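Worksheet for the structure shown next.
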Amino acid sequence: MRFDRIFYSCSTVCVVKFYIGCESLGVKDQIEQEILYSGRVQGVGFRQSVYTLARKGHVNGYVQNLDNGKVRLVAGGECDRVNDLLKNVKSLWANNISNIQIATLNTAENSIGFNVRY
C-alpha cells in the first residue's frame, strides 16, 4: 500500500483542489482514497450527508467517526466520481472543516456500495 499524504489547512473560506490528475490515469480508471477530516465534523450530520452524496455519485467505500474527533472517508471508484464527491463534501462542509488529509491507496480490494461505519 502506497500513501501519498497531502495536508490542507482551511479557514472559513478556502479553495482546495482535489484533482489528482485523472486525465493521466484514463477515463474509466479506478482510484481509492482515504480522507481524514478535522474540525466540527462529528455530531452535525456530516457522515449522513457524505453517505447521501456518495450513493448519488456511485462511489464505493465508507465513512466513520474516529475516537480522535476526526472523520475518515474511504472513497473508491472512477477517478472523476471520487473527485466530484470530494469537491461536493468540501463545498457543503467548508465552514466545519479545518483540516483535510488525503492518502491515495493502492489496494486490490474493491468494496461494493457505500456505508456508514460505527
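The values are calculated or read from the model by the stated rules, or taken from the named source; none is laboratory data. This one's a predicted model, so the numbers in the text were calculated from it and none came from an experiment. As a convention, Cβ positions derive from the backbone with ideal geometry for all residues, glycine included, and neighbour counts pool all protein chains shown. Please note that ligands, DNA and RNA were not included when accessible areas were found on the heavy atoms of the full protein model with its side chains. Shrake-Rupley method; radii C 1.70, N 1.55, O 1.52, S 1.80 Å.
For every residue, the table says whether it meets (1) outside any loop (DSSP other than H, G, I, E, B); (2) open to solvent by 30 Å² or more (accessible area, probe 1.4 Å); (3) within 12 Å of residue 49 (Cβ to Cβ); (4) at pLDDT below 95.
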residue: 80; (1), (2), (3), (4): yes, yes, no, no
residue: 83; (1), (2), (3), (4): yes, no, no, no
residue: 86; (1), (2), (3), (4): yes, no, no, no
residue: 91; (1), (2), (3), (4): yes, yes, yes, no
residue: 94; (1), (2), (3), (4): no, no, no, no
residue: 108; (1), (2), (3), (4): no, yes, no, yes
residue: 115; (1), (2), (3), (4): yes, yes, no, no
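Filtering the stretch 68-78 to residues that are within 13 Å of residue 37 (Cβ to Cβ), among the small types (Gly, Ala, Ser) and either at pLDDT below 95 or more than 10 Å from the chain's Cα centre (by Cα) (or both) leaves only 69. When the stretch 22-67 is limited to residues that are in a loop (DSSP other than H, G, I, E, B) and among the small types (Gly, Ala, Ser), the one that is modelled with the lowest pLDDT turns out to be 26.
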